[in-house]
Structure formats: structure tokens, C-alpha cells
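Each remark here refers to the structure printed beneath this line.
The values are calculated or read from the model by the stated rules, or taken from the named source; none is laboratory data. Remember, it's a predicted structure, so these values are computed and weren't measured experimentally. Cβ: placed from backbone, ideal geometry, glycine included. Neighbour counts: every protein chain shown. Ligands, DNA and RNA are stripped out before the accessible areas are found, and what is left, the full protein with its side chains, is counted by its heavy atoms. Shrake-Rupley method; radii C 1.70, N 1.55, O 1.52, S 1.80 Å.
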Amino acid sequence: MQEAVGNDDSSEALLLFGRALLLSQNVEAAETVLQQATEKLPVDPQAFYYFADAAERRGHAAAARRALLDYRALEGDDPDVRRRAAFAARLADLSMQADDPVRAVAWYQRALDTTSADAPLLVKAAEAQLRSGAPDAARATLEKALEKDPFNREARALLRRMK
């Protein structure tokens, strides 16, 4: 694979090659190349973002979360409120997939604080609260979700599971 980028093994060259692999649906190779791109100095911050995408597609939630956190550390928060909320929700989802509900709660809360809370996001936050050992907080969050959408199936199912 390394010979595909020729003599230029910079982070940027590896990033471009990794993105091409992602676009061609060669996710396994893309993940490897993009991880290499994150390890070359000076690192292109986008390498972390695309590495997270490849790792997430391959089911490597913890690696994807770490890469997104590194990307955020280098790039800072997005000035667009909706993108910032979506980013926080993505980190929360990855935290849940990585079996880290405590961190998921914090990221869901960030997403909820950033944008108007919709019922599906509230249900995800409640699930994280429940799994992190806070059933009372989960119940209160579910009540908010049901206020927004009284017929939300996921909220009702989680509430039934809690009883």
C-alpha cells in the first residue's frame, strides 16, 4: 500500500490516499492508511476525521471516538450549532458502542445543550443514563421525550423496561 503514495508519505498524501480508498469502499485498507496519516508529523487534522469514519464503519467504536476527540482537539468546536450538536451526538453514540455510558451521558448532554432537544436524542440520552446507573435521571429524560412526542415507541419501550 505504501508504494501507492510514491515518495510522498506525508500525512496529507496518506490522507488523500485513505479518502480514495474510503470512496472505493475499501474500508479496511482505508482504516490502515488513515491511521498511518494520523501518525505522521505534521499531521493533517482531517486525517483524524476520516480515520474516525473508517474505524466507525469497521465497528471500531473506541478508535473512532479517540480519533474524533483528537480531531476536535486540533480543530476546536465547529462554529455552526447544528454541526456541533451532531458531532457531540456522534461522540455519544460511539461512547455507547464502546460500552462507556458515563461519557455518552456527558456527550448527549452537550448535544442537548447545543440544540433543541428532539425526542430521539432524549431517548438515547435516557438509555445512556440508565446504563450508567442513573435510573431517576433516565426517567426524567424520558418524560421530556414523551412531552415532545407522546407516541415515541422507543421512549415508551424504555420506560416499560425500567418498570
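Values for this structure:
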{"item": "Unmet requirement for Ala117, which otherwise passes all of (1) outside any helix (DSSP H, G or I); (2) modelled with pLDDT of 95 or more", "result": "(2)"}
{"item": "Residue among Val43, Val105 that is surrounded by 18 or more Cβ atoms within 10 Å (Cβ to Cβ), outside any helix (DSSP H, G or I) and on the phi < 0 side of the Ramachandran plot", "result": "Val43"}
{"item": "Single residue of Gly76, Gly18, Gly59 found to be small (Gly, Ala, Ser) and over 30 Å from Thr141 (Cβ atoms)", "result": "Gly18"}
{"item": "Output for the range 107-137, where each listed residue is among the aliphatic types (A, V, I, L, M) and more than 26 Å from Val81 (Cβ to Cβ)", "result": "Leu130, Ala134"}
{"item": "Which listed residue is modelled with pLDDT of 95 or more and within 19 Å of Leu130 (Cβ to Cβ), from Gln97, Gln46, Gln36", "result": "Gln97"}
{"item": "So Ala92, is it in contact (Cβ under 8 Å) with a residue 24 or more places away in the chain and out of contact with any Asp or Glu (no Cβ under 9 Å at 6 or more places or on another chain)", "result": "yes"}
{"item": "Cβ pairs under 7 Å, 6+ apart, first in the range 141-157 and closer than 17 Å to Ser116 by Cα, second not in a helix (DSSP H, G or I)", "result": "Lys144/Ala117; Ala145/Asn152; Leu146/Asn152; Lys148/Asp118"}
{"item": "Matching residues in the range 50-66 - criterion: being surrounded by fewer than 20 Cβ atoms within 10 Å (Cβ to Cβ), of a type in the set (Lys, Arg) and touching a residue at least 24 places away in the same chain (Cβ under 8 Å)", "result": "Arg57, Arg58"}
{"item": "Any chance Asp77 is in contact with a helix residue (DSSP H, G or I) (Cβ under 8 Å, 6 or more places away or on another chain), without any contact (Cβ under 8 Å) to a residue 24 or more places away in the chain and among the charged types (D, E, K, R)", "result": "yes"}
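Rundown of residues vs (1) among the small types (Gly, Ala, Ser); (2) open to solvent by 60 Å² or more (accessible area, probe 1.4 Å); (3) assigned to a helix (DSSP H, G or I), yes/no style:
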| position | (1), (2), (3) |
| --- | --- |
| Ala20 | yes, no, yes |
| Gln25 | no, yes, no |
| Ala29 | yes, no, yes |
| Thr38 | no, no, yes |
| Leu68 | no, no, yes |
| Arg84 | no, yes, yes |
